Amino acid sequence: MSLPAVLLAAGSSPSPTPSGSSTPAVPTLQDAQQSATNAASWVEQNWSTWLAIGLKVLLILVIAVVLRKVLLRAITKLIDRMNRTVESAEGTTLGGLLVNAERRRQRSQAIGSVLRSVASFVILGTAAMTVLSAFQINLAPLLASAGVAGVAIGFGARNLVTDFLSGVFMILEDQYGVGDTIDSGVASGEVVEVGLRVTKLRGASGEIWYVRNGEIKRIGNLSQGWATAGVDVTVRANEDLDKVRATLDEVAEKMAKEEPWNEVLWSPIEVLGLDSVLIDSMVVRVSAKTMPGKALTVERELRWRIKRAFDAAHIRIVGGETAVLLDEETPDRTAGVAAPAVFADSDSPQVAATAPIASPRSATAGK
């Protein structure tokens, strides 16, 4: 007799049970065999579907990884080529003047970071959506939820989004860079670092300003193109204008031939003429185009040279408050004031002069 028949016969025979109680059914070997058979048949029916889905997901992931790696490598090569172009431009005659290597390098790195982030987000996001669709998952509710979440995040972090987008466009348009002197409205100074969210400036006193890109409504770049140096010279109204012009022309010609001013000055120093005429003075305007960021330096040097030339030519520069000169014969009003040390002597005339005057009654009573 076989073992399954024995087990079947044993299972069919009644077993003694206590009166009024029931025992839980114990799964038999036949039930286990039936469950295994059902599982094997389900796997046999669906293994091809799962294999196809697995291969599809694997293919999607491989394509996404390869495409992302290729794009990131292409972006890196593009940024390296931009940096090599900057390095080659530095070797030219005007390379150090027109090209700021650190500025171009930071700009290229920022652009590369933005391109890498966008490429990774698009590729990985598309791959994730494709994988979910391969598992027969309905993407409509997921996309709707993501849209609602995006709107909520956009309202909550709108300043952050504004700063980021403003920084991206500022970098792409090359509005300013490291080393430029700018006026951003809220702060002004030399650009130390340009980020996607914050621009770092160093002010004239050495302070560091952190300006959010979203707060910048206008930009005045003082380091692009050229700058203008202007000096106003105020002389007396009765000065000889021809002599003043000749002296200024001599100063301008001499300064333009000396180093390093011959490289800093981008145009001859011109005497524009009278800027204003008053009752006791007149203002002569002197101007010149200079290298960007060097206007203040040229103005200081020009004032120094004009003052020395005018002193040699006996041309008096006027303006501002006039100092009051005291006459040498005017007596010193503090000469009669005794030093504080004389009051330390009780017998000194100063101490006697400060004694209180006795009243007549006090004098009579004393007698």
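The values are calculated or read from the model by the stated rules, or taken from the named source; none is laboratory data. What you see is a predicted model, and the numbers here were worked out from it, not measured in a lab. No Cβ is skipped: glycine too gets one built from the backbone with ideal geometry, and neighbour counts run over all protein chains shown. SASA here: full protein model, heavy atoms, side chains in, ligands and nucleic acids out. Shrake-Rupley method; radii C 1.70, N 1.55, O 1.52, S 1.80 Å.
The table for this structure:
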| item | result |
| --- | --- |
| Selection count where residues are open to solvent by 20 Å² or more (accessible area, probe 1.4 Å) and within 17 Å of Ser166 (Cα to Cα), scope region 196-215 | 7 |
| Residue match in region 201-212 (condition: in a strand (DSSP E or B), touching a residue at least 12 places away in the same chain (Cβ under 8 Å) and in contact with a helix residue (DSSP H, G or I) (Cβ under 6 Å, 6 or more places away or on another chain)) | yes |
| Region 171-195 - residue that is in contact with an Asp or Glu (Cβ under 9 Å, 6 or more places away or on another chain) and charged (D, E, K, R) and, of those, surrounded by the most Cβ atoms within 10 Å (Cβ to Cβ) | Asp180 |
| Index of the failed condition, Thr228 passing every other in (1) in a strand (DSSP E or B); (2) buried (at least 16 other Cβ atoms within 10 Å of the Cβ); (3) over 15 Å from the mean Cα position of the chain (by Cα) | (2) |
| Count - residues of region 231-248 that are open to solvent by 70 Å² or more (accessible area, probe 1.4 Å) and within 48 Å of the chain's Cα centre (by Cα) | 3 |
| Every residue from region 278-307 that is in contact with a Ser or Thr (Cβ under 7 Å, 6 or more places away or on another chain), within 14 Å of Thr228 (Cα to Cα) and aliphatic (A, V, I, L, M) | Ala288, Ala295, Val298 |
| Every pair of residues 6+ apart whose Cβ atoms lie under 6 Å, when the first sits in region 242-264 and is under 22 Å from Leu274 (Cα atoms) while the second is open to solvent by less than 70 Å² (accessible area, probe 1.4 Å) and of a type in the set (Phe, Trp, Tyr) | Met255/Trp261 |
| Matching option when the condition is modelled with pLDDT under 85, under 15 Å from the mean Cα position of the chain (by Cα), surrounded by 10 or more Cβ atoms within 10 Å (Cβ to Cβ) and part of a helix (DSSP H, G or I), among Val168, Val161 | Val168 |
| Matching residues, region 198-225, being of a type outside the set (Ser, Thr, Tyr) and modelled with pLDDT under 85 | Ala204, Leu222, Gln224, Gly225 |
